[in-house]
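The values are calculated or read from the model by the stated rules, or taken from the named source; none is laboratory data. What you are looking at is a predicted structure, and each value in this text was computed from that prediction instead of being measured. Neighbour counts run over all protein chains shown; Cβ positions are idealised from the backbone, glycine included. We work out accessible area using only protein heavy atoms, side chains counted, and drop any ligands, DNA or RNA first. Shrake-Rupley method; radii C 1.70, N 1.55, O 1.52, S 1.80 Å.
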Amino acid sequence: MNILLTGANGQLGQHFQLLAPKSNHTWFFTDVEELDITDRDSIATFVKDNKIRLIINCAAYTNVDKAESDEATALRINGDAVGHMADAMKDADGTLIHFSTDYVFGGTLYNTPCTEDMAPNPTGAYGRTKLAGERAAERCRHLIFRTSWLYSEFGKNFLLTMLRLTNEKPELRVVFDQVGTPTYAGDLAKAIFTIVESGEYQQHDGIYNFANEGVCSWYDFTKEIARQSGHTACRILPCHSNEYPSSVKRPAYSVLDKTKFKTTFLQEIPYWTEALERCLFNIQK
């Protein structure tokens, strides 16, 4: 089978590239330089010419703050482009695997982990455009995986920023009133890779939550990053999110319930501190 993976240079895409040599399938890795996913004809032509039967869409507009002033661009990438991929897969009798976010929640303050059937209610443009992408993906056979607080060895993310700051600064104030689950991109990629290689992606559809196990605040996450990396000289203090004004209201509680994923695909999910340890090992080796 021929697989197209978009957003190949992002956090998730790079982990799929590490896994692909073990695959039984042929993978085509593209990013913005090789394929314009916002161009319907380009997607349709690529799929037809390369006999693609599965698209794994790792591409996304992820600048949460900038999306507030440029929602049109965010929507083209997070919403319209997903529709182009879905239409191409429908014509090819293929499947679209798409990644979404905890940011589709937040407008309603849940105090229990969010399940797949809870009503989405995003608080900002980023969440709205990602929700539009979910709905566009439903135009073909699809699997949508919602995740949260994604980090990795690659690119720009909270982990890499905190590694630098806890090493450079004597003191750091970090938000403690936003709660979720850090998710290692390597674990998410491995889980989806397993589903693809086993053929299970053909047996199920719909929305599934995936994040590492456990719950923490950004403050807790930073404390653990500093502890595991040995940056203990930096004093880390908790603070309220209103100390860091933002153009968008971020979800205060966006813990995802993974029961459906675990019972459907029979996969165990690592705890977030253990996943962090593996990621830091890869960074430091």
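Run the quick spin-label model on residue 116 and residue 277: label points 7 Å from Cα toward the beta carbon, then report their separation in nm to one decimal.
It works out to 3.1 nm between the two label points.
Which distance in nm do the two modelled labels at residue 109 and residue 202 give, with both placed 7 Å along the Cα-to-Cβ direction?
Spacing of the two 7 Å Cα→Cβ label points: 4.8 nm.
For the range 268-285 and the range 48-84, what is the separation of their C-alpha centers, rounded to whole Å?
28 Å
Would you mind telling me the antiparallel percentage of the DSSP bridges in the range 132-285, rounded to 5?
Here the antiparallel bridges make up roughly 15 percent for the range 132-285.
Mind checking the per residue accessible area of the range 193-285 for me, 1.4 Å probe, whole number of Å²?
51 Å²
For residue 257, enumerate residues with amide H under 5 Å from its amide H, sequence gap 5+ or separate chain, H modeled in the peptide plane.
When sequence neighbours closer than 5 places are left aside, the close amide H contacts are 114, 115.
Which label marks the calculated value of P(r) over Cα pairs in 10 Å bins from 0, in percent, given the options (i) 6, 26, 35, 25, 8, 1; (ii) 5, 20, 23, 22, 17, 10, 3, 0; (iii) 7, 29, 37, 22, 6, 1?
Computing P(r) over Cα pairs in 10 Å bins from 0, in percent and matching it to (i) 6, 26, 35, 25, 8, 1; (ii) 5, 20, 23, 22, 17, 10, 3, 0; (iii) 7, 29, 37, 22, 6, 1 gives (iii).
Express the carbon and sulfur contribution to the solvent-accessible surface of the range 2-43 as a percent, rounded to the nearest whole number, probe 1.4 angstrom.
C and S fraction of accessible area: 44 percent.
Residues with amide H under 5 Å of residue 106's amide H, sequence separation 5 or more or different chain, H placed in the peptide plane at 1.01 Å from N; which?
Distant-sequence amide H within range of residue 106: 121.
Can you list residues from other chains, or at least 5 along the same chain, whose modelled amide H is less than 5 Å from the amide H of residue 150?
So residue 150 has HN proximity to 183.
Report the label-to-label distance for residue 164 and residue 36 in nanometres (one decimal), using points 7 Å from each Cα along the Cα→Cβ vector.
Reported label-point gap for residue 164 and residue 36 is 3.2 nm.
Work out from phi, with θ = phi - 60° and the Karplus expression 6.51 cos²θ - 1.76 cosθ + 1.60, the ³J(HN,Hα) of each residue of the range 32-45, listed in order in whole Hz, and give x for Gly and Pro.
So the J values, rounded to whole Hz, are 4, 6, 9, 8, 8, 6, 7, 9, 4, 5, 5, 4, 4, 5.
With every protein chain present, what accessible area does residue 227 have (1.4 Å probe, heavy atoms only), rounded to the nearest 10 Å²?
The accessible area of residue 227 comes to roughly 150 Å².
What are the ³J(HN,Hα) values, in whole Hz, obtained from phi via the Karplus relation 6.51 cos²θ - 1.76 cosθ + 1.60 with θ = phi - 60°, for each residue of the range 95-107 in sequence order, with x given for Gly and Pro?
For the range 95-107, the Karplus-derived couplings read 10, 10, 9, 10, 10, 10, 8, 5, 5, 6, 9, x, x Hz, x marking Gly and Pro.
Pulled fully out, how much extra length does the chain show between residue 90 and residue 268, if you take 0.36 nm times their separation in residues and subtract their Cα-Cα distance?
Extra length available between residue 90 and residue 268 comes to 60.9 nm.
Output the Cα-based Rg and Dmax of the range 141-285 in Å, rounding Rg to one decimal and Dmax to a whole number.
Values for the range 141-285 (Cα only, Rg and Dmax): 16.6, 52 Å.
Could you pull the accessible area for residue 93 with a 1.4 Å probe, rounded to 10 Å²?
Result for residue 93: roughly 110 Å² accessible.
Given a 1.4 angstrom probe, I'd like the percentage of the accessible area of the range 147-285 that is carbon and sulfur, rounded to a whole number.
52 percent
Could you sort 115-124, 233-242 so that the peptide with the highest average Cβ count within 10 Å comes first and the rest follow in order?
Top to bottom by mean Cβ count within 10 Å: 115-124, 233-242.
Mind checking the full-extension length gain between residue 70 and residue 213? Use 0.36 nm per residue of separation minus the Cα-Cα distance, one decimal, nm. Write out the running numbers ahead of the final one.
Numbers: separation 143, 0.36 × 143 = 51.48 nm, distance 3.35 nm.
Extra length available between residue 70 and residue 213 comes to 48.1 nm.
Mind listing the phi-derived Karplus ³J(HN,Hα) values for the range 150-160, rounded to whole Hz, using 6.51, -1.76 and 1.60 with θ = phi - 60°, and x for any glycine or proline?
In residue order, the calculated couplings are 5, 9, 6, 6, 10, x, 10, 7, 4, 4, 5 Hz.
Given axes a ≥ b ≥ c from the Cα gyration tensor, I'd like to know whether the range 90-152 is rounded (a/c under 1.5), prolate (a/b larger than b/c) or oblate.
Verdict is prolate for the range 90-152.
Can you tell me, using C-alpha contacts under 8 Å and at least 6 residues apart, the relative contact order of the chain as a whole percent? Each step should come with its number before you reach the end.
Details: 571 pairs, mean separation 58.2, N = 285.
Result for the chain is 20 percent.
Quick one: of the DSSP bridges fully inside the chain, what percent are antiparallel, nearest 5?
DSSP beta bridges in the chain are roughly 10 percent antiparallel.
Could you pull out the GluC sites (Glu not before Pro) across the range 241-285 that fall in loop regions by DSSP (anything but H, G, I, E, B) with no more than 12 other Cβ atoms inside 10 Å?
Working: sites: 243, 268, 274, 277; in loops: 268.
Loop-located and lightly packed - 268.
Can you give me the accessible area per residue for the range 1-97, using a 1.4 Å probe, in Å²?
Numbers: 4470 Å² over 97 residues.
Accessible area per residue, the range 1-97: 46 Å².
Between residue 49 and residue 249, what FRET efficiency comes out of the Förster formula 1/(1 + (r/R0)^6) with R0 = 51 Å and r the beta carbon distance, rounded to 0.05? Write down the numbers at each step before the final one.
Working: r = 44 Å, r/R0 = 0.86.
For residue 249 and residue 49, the calculated efficiency is 0.70.
Which lysines, if any, have their Cα less than 18 Å from the Cα of residue 190, not counting same-chain residues under 8 positions apart?
Residue 190 reaches 22, 258, 260, 262.
If you restrict to DSSP beta bridges whose two residues both lie in the range 73-157, what percentage is antiparallel, to the nearest 5?
Around 10 percent of the beta bridges assigned by DSSP in the range 73-157 are antiparallel ones.
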